[in-house]
Amino acid sequence: MRWKTLRLAAALLPLLAAPALAQKKTTLVIGLDISDGRNYDTARSADLTPPLTHGAVYETLVTLGTDDLVTIRPAIATAWTLADGGKAWRFTLRPGVKFWDGSPLTAEDVKFSLDRLMNIKDQPATYAANMGAVSITGPMTIEIAMKNPAEPLLIDLTAPSFAVYSKKMAVAQGAVAEPGANETDKATTWLNSNSAGTGPYHMVRWERNAGVELRRNPNWWGGTAPFERIVIRHLADGGAQLLAVRKGDIDIAMNLSAEQLDSLAGSPDVKVIQGGSTDTLYFMMTSDPALNPVLAKPEARRAVAAAIDYDGLINALVGGFAERPPSFLPNGIAGTSQAQTKAFGFREDLGKAREFLAAAGAPDGFEFELGYPSAAYFSTSYALMTQKIQGDLARVGIKMNLRPMDNVNWRSLFNGGKLQATIAPWNSPSPNPYLWTGASIQRVAGRMRWTPSQELKDLVAAGAAELDIPKQTAIHERYARILVDSANYVTIMQPIYRVAVHRNVADVQLTPNVWKIELAKVRPAN
């Protein structure tokens with residue numbers, strides 16, 4: 001009888017052990033509002049949240065460190081040098097790199113990817129403005145010409161837009177890299193839900209306003225990725241994210257409010273981590289009298305800027321975890337600093353606001369409409385911010401009518417220059433100052449129907465070419481002062497991101513790079 005009991009106990013051991021074995025974590029789950037994402041094709045994508053996925057499924061020739069936005073580091077290129085008398089960069093590719101399907105990386109894949117980026121002619125192509133011809137100089141070497149050797153290119157190549165993908169996989173889905181690709185390429189539909197890269201994971205699903213799923217790349221040259229799967233769940237509501245991260249249903253919550261983050265103090269299961277960013281949030285106003293004849297006057301826009309309670313916004317809505325640069329460039333880029341904001345940046349001054357209104361011929365105030373996306377903005381939301389600003393402006397008689405809309409509709413109206421005013425995020429794909437300054441006088445100026453002065457255009461060009469840091473800083477300060485005077489772009493904040501992390505996972509590192517989290521480094525805690 002004792003022998004039968006022992007045999008029964010032995011038979012039960014695997015069943016009893018099964019739950020313990022099942023606890024081994026194989027899936028990383030992230031809660032994030034991804035409603036802004038319109039596509040995941042790196043040659044077309046220009047939204048805030050897709051780079052989190054891009055950073056895990058694609059790799060570039062060179063990259064940047066987690067906290068170092070200056071030092072260029074090897075990625076799928078191991079060496080680079082100037083060539084053709086300083087007019088081009090020559091790269092040596094890392095041997096043994098494979099795409100997730102097992103096919104080897106070659107110089108053909110690099111050329112195809114970069115040519116397609118330029119010839120698709122979508123917004124990411126503007127990041128490649130200084131990139132000339134891409135030439136194969138050997139099976140594992142590539143040469144990229146610069147249109148203007150005086151301007152930077154190497155740091156731009158760290159951006160996800162310059163991702164290298166498999167020519168074979170992409171062509172099979174209708175990808176075209178030759179001139180005319182903007183009309184003939186058919187691969188975006190497939191690339192929205194799949195990836196063709198060399199990163200630690202590969203993409204297998206994207207459903208708008210639902211989620212993104214990644215799988216481990218079995219052929220990653222960097223070793224075995226920590227998780228079998230990564231799931232990015234679309235959770236637009238911070239309350240839902242808070243509940244899910246407390247229960248361990250998600251491992252990282254990225255859109256918790258300041259109050260929700262503070263409520264986690266002392267939690268044995270969830271910790272809050274933080275990191276700086278180069279992201280910025282702007283209040284933008286038109287210069288076109290056809291859209292709003294009063295707002296088209298710079299004095300009226302200055303009145304709006306002077307009526308905003310900036311400190312109240314930052315303290316009340318993000319718990320003080322943000323700073324405010326003076327203009328379009330973020331603090332930490334090209335010498336831009338908080339000291340400049342104090343010296344000449346926008347500040348709350350209701351007396352000045354009333355003076356500006358009088359100068360605009362609207363002493364009793366005026367009315368305009370602000371369109372904004374119905375979405376979270378990391379630890380706050382566009383709705384909360386616009387409601388706060390609406391109340392601020394009412395103090396001087398300015399009536400701001402709010403028009404919330406779906407993210408995709410908002411982006412269409414914003415890009416088409418059809419909004420009187422908006423609140424818009426900006427995240428540059430690399431820390432090249434020109435990606436901010438150039439955009440501010442080109443496509444963003446077009447969206448606000450504003451024509452920059454020749455002086456401003458000359459300053460942007462000079463800043464892009466200047467290598468002497470003090471001289472470059474002085475140029476960009478003059479640029480910022482002109483933008484403050486025009487008041488088309490009013491900087492609301494530059495956030496310090498905070499996210500909640502469950503104890504199920506470890507090594508979660510925030511980065512000011514556009515991909516936000518180094519997903520390749522996140523691992524199970526057990």
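Quick notes
- Percent RCO, i.e. relative contact order, over the chain, from Cα pairs under 8 Å lying at least 6 residues apart: 20 percent
- For the peptides 488-495, 175-182, 87-94, 44-51, the ranking by mean Cβ contacts within 10 Å, running from highest to lowest, is 488-495, 44-51, 87-94, 175-182.
- Using every pair of separate Cα atoms, the Kirkwood estimate puts the hydrodynamic radius of the stretch 53-204 at 15.5 angstrom.
- Size descriptors for the chain: radius of gyration and Dmax over Cα atoms are 24.9, 101 Å.
- Taking 7 Å steps out from each Cα toward its Cβ at Arg478 and Asp262 produces label points 4.5 nm apart.
- Each part reduced to its alpha carbon centroid, the stretch 57-122 and the stretch 424-484 end up 27 Å apart.
- Percent antiparallel among DSSP beta bridges (both partners in the chain, rounded to 5): 75 percent
- Scaled radius of gyration (Cα, divided by 2.2 N^0.38 Å) that the stretch 280-495 gives: 0.96
- Whole-number D in µm²/s for the stretch 180-249 (Stokes-Einstein; Kirkwood sum over Cα pairs; 25 °C, 0.890 mPa s): 172 µm²/s
- Start at zero, step by 5 Å, and the Cα-Cα distances of the stretch 371-526 spread as 1, 7, 13, 15, 17, 15, 13, 10, 6, 3, 1, 0 percent across the bins.
- Pairs with C-alpha atoms separated by more than 21 Å, drawn from the list Lys121/Lys186; Lys471/Lys516; Lys121/Lys147; Lys167/Lys521; Lys87/Lys516, are Lys471/Lys516; Lys167/Lys521; Lys87/Lys516.
- Sum of side-chain charges, Val499 neighbourhood, beta-carbon under 11 Å (Lys, Arg +1; Asp, Glu -1): +2
- The mean sequence separation of alpha-carbon pairs under 8 Å and at least six residues apart, normalised by the residue count of the stretch 280-495, gives a relative contact order of 36 percent.
- Cα extents of the stretch 61-123 along the three principal axes, largest first (Å): 32, 27, 27
- Two-decimal ratio, the stretch 234-355, of alpha-carbon radius of gyration to 2.2 N^0.38 Å: 1.38
- Full-extension gain in nm, Ala506 to Asp406, via 0.36 nm per residue minus C-alpha separation: 32.5 nm
- The stretch 338-352 and the stretch 138-212 have their alpha-carbon centroids 42 Å apart.
- FRET E, pair Gln454, Ala133, Förster distance 45 Å, beta-carbon r, rounded to 0.05: 0.90
- Partner aspartates and glutamates for Lys399 [C-alpha distance under 20 Å; skip if fewer than 8 residues away on the same chain]: Asp288, Glu299, Asp309, Glu348, Asp349, Glu355, Asp364, Glu367, Glu369
- Where only DSSP H runs of four or more residues are counted, the chain gives -9500 deg cm²/dmol as its mean residue ellipticity at 222 nm, each run worth -39500 (n - 2.57).
No lab work stands behind these numbers, since they all come straight from the coordinates. Keep in mind that what you see is a predicted model, and the values were worked out from it rather than measured. Note that each Cβ is placed from the backbone with ideal geometry, even for glycine, and that neighbours are counted across all protein chains shown.
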